[in-house]
Every structure is written in C-alpha cells, then in structure tokens.
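Input: a single structure, listed below in structure tokens.
Read-outs throughout are calculated quantities, based only on the coordinates presented, and are distinct from any laboratory measurement. Keep in mind that what you see is a predicted model, and the values were worked out from it rather than measured. So basically every Cβ, Gly included, is an ideal-geometry build from the backbone, and we count neighbours across all protein chains shown.
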Amino acid sequence: MGQDFSERMNEAPEGWLHAMGVTITHATDEEVRAELTVGPEHLQSYGIVHG
C-alpha cells in the first residue's frame, strides 16, 4: 500500500471538493476513498438528490 496523502488533498481551501463538501478519507496512487454528507445544497428544486 502506498503513502496516504488524503490530508494534503483536504487542505485545499477551494475547488470542487470543498464546494461539494467532499472529504477524502484515504488516498494513494492506487485508490481514493471519500465521504459526502448530503445536505440542502445538493438537492434539486423538487427536494430530491439526483443519482
């Protein structure tokens, strides 16, 4: 298993990950794992999440 660089990825102050509320929990050269808590900012106008 390679070096985990998830902490460095989460330090980015802006960008897509930050805007969507994604937290990288594990990141190596071979695998990336992330968490996303769905909130109001992710809902369509009908109040549902697509996907």
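Can you list the chymotrypsin sites (Phe, Trp or Tyr not before Pro) in the chain that are in a DSSP coil and have 14 or fewer other beta carbons within 10 angstrom?
Hits after loop and neighbour filter: PHE5, TYR46.
For the chain, take every pair of Cα atoms, bin their distances at 5 Å starting from 0, and report each bin as a whole percent.
The distribution over the chain is 4, 19, 23, 20, 14, 11, 6, 2, 1, given as percents.
Working out 0.36 nm times the residue gap between HIS18 and GLU41, then minus their Cα-Cα distance, what length gain in nm do you get to one decimal?
Additional length available on full extension: 7.0 nm.
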